[in-house]
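Working notes, structure below.
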Amino acid sequence: MTERKSEKTTISHVDARQPRSSLVGFDNLLEDVFGLNIRACRSIGILLVRPLEYFQAAKDSNWLWRFTPSFRVWFGISALTAALRFLWAGPDSPSADVNRVLIDGIIQKANTSLAANNQTLVMTDAMRDAAAADILKWMLATSPFVMAILIALFAIIYRAWGERLTYVVRLRYLFAILVTGSFLGFLSAFLMMLIPNAIYQQVNFILLFGMFGLYFYTAYQGPYKSRAIGPRIGLSSLLTLCLSVLVSIGILISISIAIWFVVTYKFPEPTPLIP
């Protein structure tokens, strides 16, 4: 009898420690795919409302067990935004028009160079559309990785935080500031569906400045909140300027990679000019 009781106790103890599939839901799917979950959403909310709390947690190895690491939040938002923009970028979208103009410019320059060798580059409309789509695809696919590398390098040299911080904490700070601007970019992916092509560039320009404004706000209310008003504004402005330059450089590098890939692997071979 005692043996049976002991056996039942052991079995129930083992069962209690076994994972329960019923507890795995949609929140966990988001975590698996994009590194995002309810805690990540709460982290974004804190960064928008009370940024200082998030930056204080960044100094703890486990983020005080309250927040999702800033890199994971930023990368998840960036991946979602890239996916949405790619899915909604149809052949008649403003981004497709911009890329077609870019392709036309590349073709024109190529033909200018090829003319010296009595050759020309011929591309049908279908080939141009495919090349424009490929540029967008490769730009969106590479931009998060390019930006991550630039920020990792920038964290080595930027130390104007007002206190001694390790490299990892500096890196956490920088990605935390990027999160708020990236979140605006994620929301703008939905907005761009409703924007007429005629004003697409103007709205995109305004959103870009809104993103930079969020960088300033997050730095001002976060790591620099304890500073006097003058240095607080100055340091927040300096960091915003640096991040804005890095974002611009990241975009240019991603576009350059996309153009190189399309020109190298998607363009047809030049054909001889017919006399």
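A short reminder: the numbers here are calculations on the coordinates, not readings from a lab. Keep in mind it's a predicted model, so treat the numbers as computed, not measured. Glycine also receives a Cβ, built like all others from the backbone with ideal geometry; neighbour counts cover every protein chain displayed.
Put the Cα centre of segment 60-90 next to the Cα centre of segment 124-153 and the gap is 19 Å.
Which of Leu48, Leu171 has the fewest other C-beta atoms within 10 Å, and how do the rest follow up to the most?
Leu48, Leu171
For Thr120, the residues 5 or more places off, or on other chains, whose built amide H falls under 5 Å of its own are Thr271, Leu273.
Neighbour counts of C-beta atoms inside 10 Å place Met193, Met211 in the sequence Met193, Met211, starting with the fewest. Sequentially through segment 62-78, phi angles give Karplus couplings (6.51, -1.76, 1.60; θ = phi - 60°) of 10, 6, 6, 6, 10, 10, 7, x, 4, 4, 5, 5, 4, 5, x, 5, 4 Hz, Gly and Pro residues having no value and appearing as x. Maximal additional length on extending the Glu269-Ile195 stretch stands at 22.9 nm, based on 0.36 nm per residue less the C-alpha distance.
Put a plus charge on the Cβ of each Lys and Arg, a minus charge on the Cβ of each Asp and Glu, and nothing anywhere else: the dipole of segment 145-247 about its Cα centre is then about 380 debye. Remark: spin-label model distance Thr112-Thr124 equals 2.9 nm, labels positioned 7 Å along the Cα→Cβ axis. The amide H of Phe267, built 1.01 Å from its N in the peptide plane, has no neighbour under 5 Å, considering only residues 5 or more places off or on other chains. Taking 11 Å as the cut-off, the amide N atoms of segment 173-217 that come nearer than this to a point 7 Å along the Cα-to-beta-carbon line of Tyr158 belong to 173-179, 215-216.
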